[in-house]
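*Asks:* So that we are looking at the same thing, I have put the structure below in structure tokens.
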Amino acid sequence: MTEKLVLHEFSLSGNCYKVRLTAALVGIELERREYDLMKGETRTPEFLATVSANGRIPVLQVGDRFIPESDAACHYLADGSKLIPADRFDHADMLRWMFWEQYNHEPNIATLRFWMRWAGLDKLTEAQRLQIPPKRQAGNAALRLMDDHLKGRDWFVGDAIGLADVCLFAYTHVADEADFDLELYPEVIRWMEQIMTLPNFLPMEA
């Protein structure tokens with residue numbers, strides 16, 4: 001890649017972290033620009049006009065173009081690497097898990113983590129408080145599905161780490177920050193430990 005790559009991010013976000021981790025695993029260097037979500041730095045007129053019209057991060061900047069969705073940014077970085085399965089079915093299966101992560105996993109685990117770690121439960125609206133029990137139930141259901149899938153296998157797709165693993169790892173490994181008990185999911189713990197011992201592994205707070 002010859003174009004300059006800039007990651008517009010909040011570094012403790014799992015969605016931002018998955019982009020950094022993908023880049024680290026494939027050996028791509030990123031320039032990083034940090035934004036404070038609590039100060040509304042992604043909602044300024046300048047950000048909305050030049051980086052992302054929906055005011056969300058991460059956004060991967062490729063030269064003068066922008067990729068605003070985390071999994072799309074990961075796919076761009078991993079394209080042509082071993083993180084993308086060569087087999088056509090496995091490639092589709094990888095995408096299936098990535099779509100599932102954004103639809104079933106992230107909206108529950110990540111949202112509860114944000115509410116508990118940054119927003120503060122005492123600051124939530126009544127409507128948000130009512131969402132806590134169903135989000136916790138759905139988050140545990142997602143972790144249980146992952147645990148069941150990993151029985152008898154090392155990775156989510158095929159016989160080597162792929163992009164689905166990277167994207168699922170980002171919020172799973174910090175699910176305890178939302179009071180999810182990961183000890184209930186031994187296969188998930190085993191899988192996470194495999195990822196954390198990879199040669200180019202990058203911790204979230206690095």
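The values are calculated or read from the model by the stated rules, or taken from the named source; none is laboratory data. Worth saying up front: this structure is predicted, and the values here are computed from it rather than measured. Quick reminder, even Gly has a Cβ in these numbers, built from the backbone with ideal geometry, and neighbours come from all protein chains shown. Keep in mind that these areas ignore ligands, DNA and RNA; they rest on the heavy atoms of the full protein, side chains included. Shrake-Rupley method; radii C 1.70, N 1.55, O 1.52, S 1.80 Å.
*Asks:* What are the ³J(HN,Hα) values, in whole Hz, obtained from phi via the Karplus relation 6.51 cos²θ - 1.76 cosθ + 1.60 with θ = phi - 60°, for each residue of region 42-52 in sequence order, with x given for Gly and Pro?
*Replies:* Here the 3J(HN,Hα) series is 9, 10, 6, x, 5, 4, 5, 7, 10, 10, 8 Hz.
*Asks:* A further question on this structure: With charges set only on the Cβ (+1 for Lys and Arg, -1 for Asp and Glu), what does the dipole of region 47-206 come to about its Cα centre, in debye to the nearest 20?
*Replies:* 400
*Asks:* What part of the accessible area of region 24-130, given as a whole %, is carbon or sulfur when the probe is 1.4 angstrom?
*Replies:* So the carbon and sulfur contribution to the accessible surface is 54 percent.
*Asks:* Which ³J(HN,Hα) values in Hz, rounded to whole numbers, follow from the phi angles of region 74-84 under the Karplus curve 6.51 cos²θ - 1.76 cosθ + 1.60, where θ = phi - 60° and Gly and Pro get x?
*Replies:* 4, 5, 4, 5, 8, 4, x, 9, 6, 6, 9
*Asks:* Whose amide H sits under 5 Å from the amide H of Arg32, counting only residues 5 or more places off or on another chain, with H placed in the peptide plane?
*Replies:* It is Leu7, by chain and number.
*Asks:* Please report the spacing between the Cα centers of region 1-42 and region 140-206 in Å, no decimals.
*Replies:* Region 1-42 and region 140-206 have Cα centres separated by 21 Å.
*Asks:* Once you keep just the Cα pairs under 8 angstrom separated by 6 or more residues, what percentage relative contact order results for the chain?
*Replies:* Relative contact order here is 25 percent.
*Asks:* A further question follows. Using a probe radius of 1.4 Å on heavy atoms only, what accessible surface per residue do you get for the chain? Whole Å² is fine.
*Replies:* Accessible surface, normalised per residue, equals 51 Å².
*Asks:* Quick one: which of 84-94, 186-196 comes out on top by average Cβ neighbours within 10 Å, and what's the full order, highest first?
*Replies:* 186-196, 84-94
*Asks:* Within straight cross-link reach of Lys151, meaning Cα distance under 19 Å, which aspartates and glutamates are found once same-chain residues fewer than 8 apart are removed?
*Replies:* Here the aspartates and glutamates satisfying the reach criterion relative to Lys151 are Asp90, Asp93, Glu101, Asp159, Asp165, Asp181, Glu183, Glu187, Glu193.
*Asks:* Viscosity 1.002 mPa s, temperature 20 °C: Stokes-Einstein D of region 3-110 from its Kirkwood Cα radius, in µm² per second?
*Replies:* 147
*Asks:* Normalise the Debye intensity by I(0) for the chain, one equal point scatterer per Cα, no solvent, then take log10 at q = 0.08, 0.12, 0.14 Å⁻¹ and round to two decimals.
*Replies:* So the normalised log intensities are -0.27, -0.62, -0.85.
*Asks:* Too long at a 31 Å Cα-Cα cut-off: which of Lys4/Lys123; Lys39/Lys135; Lys4/Lys82?
*Replies:* Among Lys4/Lys123; Lys39/Lys135; Lys4/Lys82, the Cα-Cα distance tops 31 Å for Lys4/Lys123.
*Asks:* Rounded to the nearest 500, what is the chain's calculated 222 nm mean residue ellipticity when only DSSP H runs of at least 4 contribute -39500 (n - 2.57) each, over all residues?
*Replies:* That comes out to -14500 deg cm²/dmol.
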